[in-house]
Amino acid sequence: MKEECLICAKPLEYLEHDEIMECALCHKKELSKTRCVGGHYVCDDCHTSGMDSIINLCLRETSSDPVEIIGKMMAEPFCHTHGPEHHVMVGSALLTAYKNAGGAVDLESALVEMQNRGRSVPGGACGYWGACGAGVSAGMFVSIISKSTPLTAKPFGLSNLMTAEALRRIGSVGGPRCCKRDSYLSIQAAVDFVKERFGVEMAKSGIVCCYSSENNQCLGSKCPFSPAVRGRKV
């Protein structure tokens, strides 16, 4: 079954304006632009239930390959085909790989901070904000390792440049959204960026997507990670 609504699997629809929605799982009411054609709404908190396990997964990890690490997250029950969990997963995988590649970071506290920041980016940001949460997550990763704040100089610049490069790669492929594709593009951008700007070389493996059968909007051969175009550089 191709995943859409987590309740009934019907297609999602995205509205032009916010409406008051009631979560079908926790019954919380809030403003949102997203629901399924059957009227179901699932809030971001329920959609990402179980995501706290990312921290323990990452603390046990020894790989310096962020694609390998996020692949393990994608296999966990909390991860769906699409969703705001990817806004935490990208930065968490990068923090872990960076640490394992020799980068200087207190991983546990950094992962907690990544959870807090990533959760603040809502589902649908890619279409409504003009800034995909996966790309923003890569920028958050750099802001954490560089200790950026609104008042720092170089770290401020680096974190914004990182987000810009991730979003450039995402935008160059175009839509509709795919959280897997955009996560991979953001990670590739971050691996290149950190090697150049921080001198830390994370592993960079080839990516061949295995999730196309779950995505009703898959770009197929137009996706850089489709088996049909394996090896294409983005």
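The values are calculated or read from the model by the stated rules, or taken from the named source; none is laboratory data. Because the structure is predicted, anything quoted here is derived from the model rather than measured. Positions of Cβ are backbone-derived with ideal geometry, glycine not excepted, and every protein chain shown enters the neighbour counts. With ligands, DNA and RNA removed, areas are computed over all heavy atoms of the protein, side chains included. Shrake-Rupley method; radii C 1.70, N 1.55, O 1.52, S 1.80 Å.
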- Task: Could you check how much of the accessible area of the stretch 40-148 is carbon and sulfur, as a whole percent, using a 1.4 Å probe?
- Result: 49
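List the relative contact order of the chain as a percent without decimals, with contacts defined as Cα pairs under 8 Å and 6+ residues apart. Walk me through the intermediate numbers first.
Details: 371 pairs, mean separation 40.3, N = 234.
Over the chain, the number comes to 17 percent.
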- Can you name the helices of the chain, as whole DSSP H runs, whose Cα span along the helix axis is 20 Å or more and whose Kyte-Doolittle mean is not below -0.5? 86-100, 154-173, 179-198
- Message: With a 10 Å cut-off between alpha carbons and a GNM built on the chain, which of Cys210, Cys79, Cys218 moves the most?
- Response: Cys210
- Note on the structure: extent check for the chain: Cα max minus min per principal axis, descending, whole Å, gives 50, 41, 32
- Note on the structure: To the nearest 0.05, the calculated FRET efficiency linking Asn216 and Thr152 through their beta-carbon distance, R0 being 30 Å, is 0.10
- Mind ordering 49-56, 97-104 by average Cβ neighbours within 10 Å, highest first? 97-104, 49-56
- Ignoring ligands, DNA and RNA, what accessible area per residue does the stretch 36-106 give at 1.4 Å, in Å²? 35
- What Kirkwood hydrodynamic radius do you get for the stretch 158-216 when you take the inverse of the mean 1/r over all pairs of distinct Cα atoms, in Å? 12.5
- the stretch 1-91: relative contact order from alpha carbon pairs under 8 Å, six or more residues apart, as a whole percent, is 22
- Over the stretch 18-94, with a single point scatterer placed on each C-alpha, what log10 of the ratio I(q)/I(0) does the Debye formula yield at q = 0.23 1/Å? -0.99
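May I ask for the Rg/Rh ratio of the stretch 104-199, computed from Cα atoms with Rh as the Kirkwood radius, given to two decimals?
So for the stretch 104-199, dividing Rg by the Kirkwood Rh gives 0.96.
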- Message: Over the chain, how many pairs of lysines fall under 16 Å by alpha carbon, counting only those 8 or more apart in sequence or from different chains?
- Response: 11
- Task: Would you mind getting me the FRET efficiency between Trp129 and Ala228? Use the beta-carbon distance for r and R0 = 35 Å, nearest 0.05.
- Result: 0.70
- Additional length obtainable on full extension of the chain from Asp106 to Asp52, 0.36 nm per residue less Cα span: 17.7 nm
- Item | Computed Rg/Rh of the stretch 59-146, alpha carbon atoms with Kirkwood Rh | 0.96
- Message: Starting from 0.36 nm per residue, how many nanometres of slack lie between Val208 and Glu113 once their C-alpha separation is accounted for?
- Response: 31.2 nm
- Task: Take the chain, connect every pair of alpha-carbon atoms lying under 10 Å apart with a spring to form a Gaussian network, then pick out the residue of Glu16, Glu201, Glu85 with the largest mean-square fluctuation.
- Result: Glu16
- Item | Whole-number percent relative contact order across the stretch 82-192, with pairs defined as alpha carbons under 8 Å at least 6 apart | 30
